[in-house]
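The structure under discussion appears below in the form of structure tokens.
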Amino acid sequence: MSTTENRPRASSPLDTSGTAELTPERWQQIKELFAAAQEHNPGERDEFVQKACGRDRALLREVASLLAAAEPESADAGSRAESRRSEDARIGRRVGAYEILRRIGRGGMATVYLAARADQQFEKQVAVKILLPELDSDDLLRRFRNERQTLAKLDHPNIVKLLDGGSTEEGLPYLVMDYVDGLPIDQYCDERKLSTDERLRLFCQVCAAVECAHQNFVIHRDLKPSNILVTPEGIPKLLDFGISKVLHPESKLLTQSATRRMTPAYASPEQVRSEQITPATDIYSLGVVLYELLTGHRPYRLRQNTPAEVERAICEQDPEKPSTAVNRIEADTLPDGTTVSKTPEVISASREGHADKLRRRLRGDLDNIVLTALQKDPQRRYHSVEDLSLDIQRHLQHLPVTARHSTLAYRTSKFARRHTTEMLAASLMVIIIVAAIGFVILEQRQAIERARQELASQRSRGRRSVAVLGFRNLSARPETAWLSTALSEMLTTELSAGGKLRTIPGETVAQTKINLSLPEEDALSPTTLGRIYKNLGSDFVVLGSYLDMGDSDRAIRLDLRVQDAALRETIASLTETGTESNLPGLVNQVGTALRERLGVSSLSPTEAAKVQASLPANPEATRLYAEGLGKLRVFDAMGARVLLEKAVTADSTYALAHSALSDAWGALGYEQKAKREAQQAFDLAGDLPREQSLWVQARYSVVATQWEKAIEIYRTLFNFFPDNLDYGLKLTEAQVSAGQYTDAATTLAMLRKLPPPLGDDPRIDLTELGAAIATSDYKRELAIAQKATRKGELTENRLLVAEALFEQGHAYRSLNEFNKAKDFFTEARRRFDSVGDRYGKGRVSKQLGIMFAEQNDLANAEKAFQEALEIAHDLGNKSGEAAELDNIANVRLLQRNLNAAAGAYERSLVLARQVGDQAQVASSLHNLGLVEYNEGRLTRAKEHFQEAQPLARRYADKDLLAGCLINLAHVHAAQENLATALKLADDSRQTLRGTGAQGRIAALNLEVADLKLLAGDLNAAQKLYEEALQIFLQAGQEFDTSFSLFGLGDILLARDDLLGARKQHEAALSLRRKDHGAVRVLFDSRIRTAQLSLEEGRPYDAESGVREALKEYAAGEEPEARIEADTVLVQALLAQEKLAEAQQVVAGDQERLANTEDRVNLLRLRILKAEVESQAGSFGDAMGSLQACVEESRRSGMGGLHFEARLALGQAEMRLGKLVAGRANLSSLERDAKAKGFLLIARKAATARRHS
């Protein structure tokens, strides 16, 4: 569900007759008491409400009414509940673009419905939250709109996403949110018996969501387990911002209004006292949630469960240590009235297994972390939610936690005052311990000094590296947030000029900030610096803060710190001032000062001029470029594109803005527009610093797929700067794209020799994966991906780990280990989602679709592709939409829904052409040709295959090129150009030689074998079928073996081995019956078994078999399938002397094939029609037609059909009484058929000759 109002509630309005006027204050009083009552067990609620209401009987009635409406529906009340549901007039109505399906919850403010897209643009279920009609007071409307505005500004994977909003026809406001099918976090953890570590990791994701809200100046104020739902995939979603408040950016404080809105058990002391609300309020509530997740209890022991007692405990009572709380024994009454005893054994059973183990696990760090979050004084809690999360992560990593340090000092001072005598006795022991510690410290200092000397030696041998992390906005005005990105980019360019320092690209820095969840800070702790050094590999980091004074001159003060990430210390601080209109001047001042601090020579006049030329020409262009980069780096290509287009309009000569806009267009799938902007950047790059100019030129070469040029430029950069890992990685990627795998391996070996941590960077492994995939070495791909995952986990590189897990899934999929593949894809999708990378999430869905399709699980394949399509649509990625429409059409083609498949292919083609994605154009053209071929529209199919062929060559897509060639071969065969068809078939096989794609090669062998069989070459066909069978068996591709078995069954049938043929075809049929999606191939097998019944002398069974197959699959759109079926049906009818029915079938086929261009199927139909005419005594028409069929099949080289036409002609001659000619022709046919191995035809010829 997408809201916390997930209990069944009555839908009737409140009965306020005989009560005081329902003012906003009165209504708030009712709701507060209602919420407090729900915190009590059902058996205690009546007594609690009686005491709380006192003599206010109207208040008592109102609260009792709400409690009754919120009660779960019992079995006795089932009919009344059903009646209430049926009376909800909104079911089936539209709200905006959505149709209401059912009610899923009702709270004190709104009703929540499950809804689905009504315009059928794509499939999506959502939750629609509509204000209750009886509550449209100004106060409630403000609160509801506040929730809408709050959600609209929050974009985080762990916060329920607001999709839409508006007002109903009745004028009631509504919200449309993502539908979250999940459980409250406490219930989820207990039902799955998550360990303490697993609960902590899940809780950290919740912290990330709350921190996102705080960074957007939003305080939730009602954090509790029921407002945190966890999906079946293990992703927590933060809900219900209905009582959240937006902080004033200036104050960071919020004054509580006269009415308190909270859930008492999770409220902070300041909420209870109606004092100022700050982010620390949410930290306290998170502490209560964490306490409950870890212990199964709430922090306080209550003498009685009343509001006054709860408030007293929150404000005055110290919470019990979590490790001690495990010992509590309490009774808890569930909503259904069942009483459950919470004993240490019951609580630990769903956590660590044993009570003693759970107590030990919580003792120490976790006690201190939880109690720090629960401090009465907000100033003594964690300063931010991120600090709480980081402390938990430190604990999980077995590092010292900040909570324990501060708590230890505080408790030691208290102990000393109470136990002076005992402390004197302990002093001697302390002296001994201090001496031992001193020795250890001395050893540590010596080790640190050795490390410093080694690091200094390493730095003296090469350039030092600097990463500009960004700057905190002290003005707290969102409209000046762009300055952080602008200052960071400009300062990075300034420091990189002259090549004395190696600067870390802003894109890489942005990824590190995502990986480590780094906030904008003035300075970083030693621990955080160590994490950055492992993740980023930068010697120094530059960070700080800026203050936009807001005066008419837009003065800016910039405070910086330079910190040594490797040695984990601050080495310099400085302050500079400037103006927003002259940012380059401010950056120049800062750059000069930093170079001096780092011992690097200042820039020459020429270098300074180059730097100046690399900056935007005006402040507006600077702002737009910075904002666009910011969007691009958090995977918002649509938002980036809009801003960057404005940036190039504001300064059309700014090369870097054009280059960034190219990246945005590329991410959205607009290939030609990306290339155009890259060309613009290339043309303008001449005035940039040399290193930056080469980088822009290389980017253009990549976009233009000019791989040799890209390799040349990246090699130049890497040769000049061999310590720059990014240049080496880009060079390797270009070499792999160009097929230069040996050169790529050499470059990778050079990268691994870089000094640590660069040489150990897991990105090297991830880049190596490209070569393994390109050569179809999936075992190597798996090994490399596993190594990259391990390294990525150690360096906390969350984006890279998600990618490496994705690659493991791809490797397992390619190795046909589908269960493992699914597990890794699912985990990769969760990881991509956790960092907000929807592109990655869409790629996972696509791979899952491909995997399901390979398993012939077509329903799940289409579902996965539909999800990928939806993501691409949301991201504005037209090329991605085209690709997913293509995949959906592929599924529909396998389901033999040709009209639907053609429609999807055509939509895909339109989109691909619209964005200039020529690779996708090629794929859609090819696939559309497949549909047209199956429909008998050979001219259009041929045109589309031929149009796709050069595009496939251009993009080196060997698989698609082989597909174009083999399908062109089928078209030529259907047009009776068999020689050309066989030549194209051989070309298609040559295309895949050396690729290692054994499964695709085997599938191609089957298609070539079908052509060989049509040509009458049984031996060649048999060899190809057997080769394919061996490949499929070795790969464990059970379903695909059915095609080989089917072909081998046809060979045995032609050779008159009916028993062997039946064995093979029944084995194929058995495999195909397991797959409910493969309707066409199942149909083919059933027709072939019916044909075997006919050859075995059971025409009635043959007729029944064909009619049953046609009943389930009419094959009306596919001439080939229908003529195969009707050939067997007509022959079965003739064998039973059902001439009229046979004539009717043939007449239907003539009408059905009237517009087909498939000459082979028309030839089959002519032979069949002539057989019927012969049996009907119309010998004149039959003889002429059969003689023409014999000549046509001989001329086109179709051996099998040639023999069938000769047999039909001989039989017709015998019926006509031309016995001499008939026997001669049948005798000749018998010899020729035997020579070619067509023993069934030979036997039939001999039988016809003898029984004349």
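The values are calculated or read from the model by the stated rules, or taken from the named source; none is laboratory data. All values derive from a computational prediction rather than experimental measurement. Cβ sites come from the backbone with ideal geometry, for glycine too, and all protein chains shown count toward neighbours.
In the set (1) among the hydrophobic types (A, V, I, L, M, F, W, C); (2) farther than 28 Å from Gly1177 by Cα; (3) crowded, with 19+ Cβ neighbours inside 10 Å, Leu1059 fails one condition alone, (3).
Looking only at segment 152-169, filter to residues that are touching a Gly at 6+ places or on another chain (Cβ under 8 Å) and in a loop (DSSP other than H, G, I, E, B); which one of those is farthest from Arg829 (Cα to Cα)? Outline the logic, then answer.
The first filter runs over segment 152-169 and keeps only residues touching a Gly at 6+ places or on another chain (Cβ under 8 Å), leaving 152, 155-157, 164, 166.
Narrowing further to those that are in a loop (DSSP other than H, G, I, E, B): 155-157.
Working: Asp155: 18, His156: 15, Pro157: 12 Å.
So the residue we want is Asp155.
Each residue in segment 1033-1042 was checked for being without any contact (Cβ under 8 Å) to a residue 40 or more places away in the chain and either of a type outside the set (Ser, Thr, Tyr) or out of contact with any Phe, Trp or Tyr (no Cβ under 9 Å at 6 or more places or on another chain) (or both), and 3 pass. How about segment 1235-1252: which of its residues are in a helix (DSSP H, G or I) and crowded, with 16+ Cβ neighbours inside 10 Å? If the condition is that a residue be in a helix (DSSP H, G or I) and crowded, with 16+ Cβ neighbours inside 10 Å, then Lys1236, Leu1239, Leu1240, Ile1241, Ala1242, Lys1244, Ala1245, Ala1246, Ala1248, Arg1249 are the ones that fit.
Condition check ((1) surrounded by fewer than 23 Cβ atoms within 10 Å (Cβ to Cβ); (2) within 23 Å of Ala1009 (Cβ to Cβ); (3) polar (S, T, N, Q)) across all residues:
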site	(1), (2), (3)
Ser1193	no, yes, yes
Ser1196	yes, yes, yes
Gly1200	yes, yes, no
Ala1205	no, yes, no
Gly1210	no, no, no
Leu1219	yes, no, no
Ala1224	yes, no, no
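As a summary of the residue check, Glu671 satisfies the conditions (1) closer than 22 Å to Gly916 by Cα; (2) at pLDDT 90 or above except for the one numbered (2).
Based on what the data block shows, is Phe1046 at pLDDT below 95 and of a type in the set (Phe, Trp, Tyr)? Spell out the reasoning first.
Details: at pLDDT below 95: no; of a type in the set (Phe, Trp, Tyr): yes.
No; evaluated as a whole, the condition is false for this residue.
Residues in segment 656-709 that are outside any helix (DSSP H, G or I) and within 20 Å of Thr622 (Cα to Cα): 2 in all.
Do you know which residues across segment 197-219 are of a type in the set (Asp, Glu) and modelled with pLDDT under 90?
Of the residues in segment 197-219, the ones of a type in the set (Asp, Glu) are 197-198, 211.
Residue satisfying the conditions is Glu211 alone.
Evaluated against (1) more than 30 Å from Glu1112 (Cα to Cα); (2) surrounded by fewer than 21 Cβ atoms within 10 Å (Cβ to Cβ); (3) of a type in the set (Lys, Arg), Arg907 falls short on exactly one condition, (1).
Rundown of residues vs (1) at pLDDT below 90; (2) out of contact with any helix residue (DSSP H, G or I) (no Cβ under 9 Å at 6 or more places or on another chain); (3) assigned to a helix (DSSP H, G or I); (4) surrounded by fewer than 23 Cβ atoms within 10 Å (Cβ to Cβ), yes/no style:
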{"position": "Thr528", "(1), (2), (3), (4)": "no, no, yes, yes"}
{"position": "Ser538", "(1), (2), (3), (4)": "no, no, no, no"}
{"position": "Val541", "(1), (2), (3), (4)": "no, no, no, no"}
{"position": "Ser552", "(1), (2), (3), (4)": "yes, yes, no, yes"}
{"position": "Val562", "(1), (2), (3), (4)": "no, no, no, yes"}
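Looking at Pro344, Pro322, which one is closer than 20 Å to Thr196 by Cα, touching a residue at least 24 places away in the same chain (Cβ under 8 Å) and not polar (S, T, N, Q)? Spell out how you get there, then give the answer.
Values: Pro344 fails: touching a residue at least 24 places away in the same chain (Cβ under 8 Å).
None of the others qualify; the one that does is Pro322.
Exactly one residue out of Asn977, Asn967, Asn887 is under 23 Å from Lys863 (Cβ atoms) and not hydrophobic (A, V, I, L, M, F, W, C), and it is Asn887.
Among the residues making up segment 645-655, a single one is touching a Pro at 6+ places or on another chain (Cβ under 8 Å), in a helix (DSSP H, G or I) and over 17 Å from Lys631 (Cα atoms): Ala650.
Looking at this structure, is Ala864 in a helix (DSSP H, G or I) and within 26 Å of Gly936 (Cβ to Cβ)? Against the criterion (in a helix (DSSP H, G or I) and within 26 Å of Gly936 (Cβ to Cβ)), Ala864 does not qualify. Starting from segment 224-240, keep only residues that are part of a helix (DSSP H, G or I), then list their pairs with residues that are hydroxyl-bearing (Ser, Thr, Tyr) whose Cβ atoms are within a distance under 8 Å, requiring at least 6 positions of separation or different chains. Pairs found: Ser226/Thr4; Asn227/Thr4.
Here's the yes/no breakdown for (1) outside any helix (DSSP H, G or I); (2) within 26 Å of Ala637 (Cβ to Cβ); (3) of a type in the set (Asp, Glu):
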| position | (1), (2), (3) |
| --- | --- |
| Ala853 | no, no, no |
| Ala868 | no, yes, no |
| Ala883 | no, yes, no |
| Asp886 | no, yes, yes |
| Val891 | no, no, no |
| Arg896 | yes, no, no |
| Ala901 | no, no, no |
| His926 | no, no, no |
| Glu932 | no, no, yes |
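Yes or no, residue by residue, for (1) aliphatic (A, V, I, L, M); (2) farther than 21 Å from Gln379 by Cβ; (3) at pLDDT below 90:
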residue	(1), (2), (3)
Val230	yes, yes, no
Gly242	no, yes, yes
Gln256	no, no, yes
Glu275	no, no, yes
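Looking at segment 734-753, which of its residues are surrounded by 16 or more Cβ atoms within 10 Å (Cβ to Cβ) and either closer than 20 Å to Ser693 by Cβ or of a type in the set (Gly, Ala, Ser) (or both)? Result: Ala734, Ser737, Ala738, Ala744. Candidates in segment 934-970 are the residues that are among the basic types (Lys, Arg) and in a helix (DSSP H, G or I); of these, the one that is surrounded by the most Cβ atoms within 10 Å (Cβ to Cβ) is Lys942.
Among the conditions (1) of a type in the set (D, E, K, R); (2) over 22 Å from Asp186 (Cβ atoms); (3) touching a Leu at 6+ places or on another chain (Cβ under 7 Å); (4) at pLDDT 85 or above, Glu270 misses just one, which is (3). Free of Cβ contacts under 8 Å to residues at least 12 places away in the same chain and either within 26 Å of Leu547 (Cβ to Cβ) or surrounded by fewer than 23 Cβ atoms within 10 Å (Cβ to Cβ) (or both): is that true of Glu520 in this structure? No; evaluated as a whole, the condition is false for this residue.
Only a single item in (1) in contact with an Asp or Glu (Cβ under 7 Å, 6 or more places away or on another chain); (2) hydrophobic (A, V, I, L, M, F, W, C); (3) not in a strand (DSSP E or B) is not met by Cys204, and it is number (1).
Among the residues that make up segment 112-133, is at least one of them more than 30 Å from Glu884 (Cα to Cα), at pLDDT 85 or above, β-branched (Val, Ile, Thr) and surrounded by 14 or more Cβ atoms within 10 Å (Cβ to Cβ)? Outline the logic, then answer.
First, the residues of segment 112-133 that are more than 30 Å from Glu884 (Cα to Cα): 112, 129-133.
Now drop any that are not at pLDDT 85 or above, which leaves 112, 129-130.
Filter once more, so that each one left must be β-branched (Val, Ile, Thr): 112, 130.
Now drop any that are not surrounded by 14 or more Cβ atoms within 10 Å (Cβ to Cβ), which leaves 112, 130.
Scanning segment 112-133, I find at least one residue that is more than 30 Å from Glu884 (Cα to Cα), at pLDDT 85 or above, β-branched (Val, Ile, Thr) and surrounded by 14 or more Cβ atoms within 10 Å (Cβ to Cβ), so the answer is yes.
Looking across Ser1070, Ser1085, one residue alone is under 24 Å from Leu893 (Cα atoms) and without any contact (Cβ under 8 Å) to a residue 12 or more places away in the chain. It is Ser1070.
Within segment 1160-1181, being of a type in the set (Asp, Glu) and more than 25 Å from Ala1121 (Cβ to Cβ) holds for one residue alone: Asp1181. Scanning segment 835-851 for residues that are more than 17 Å from Gly880 (Cβ to Cβ) and surrounded by 23 or more Cβ atoms within 10 Å (Cβ to Cβ) yields one hit, Met851.
So for segment 1007-1023 (the condition being assigned to a loop (DSSP other than H, G, I, E, B) and touching a Leu at 6+ places or on another chain (Cβ under 7 Å)), does at least one residue qualify? Write out each step before concluding.
Going through segment 1007-1023, the residues assigned to a loop (DSSP other than H, G, I, E, B) turn out to be 1015-1017.
Adding the requirement that they be touching a Leu at 6+ places or on another chain (Cβ under 7 Å) leaves 1015.
The answer is yes, given that some residue of segment 1007-1023 is assigned to a loop (DSSP other than H, G, I, E, B) and touching a Leu at 6+ places or on another chain (Cβ under 7 Å).
Residue count for segment 605-631 under the criterion of being in contact (Cβ under 8 Å) with a residue 60 or more places away in the chain and closer than 20 Å to Ser484 by Cα: the result is 10.
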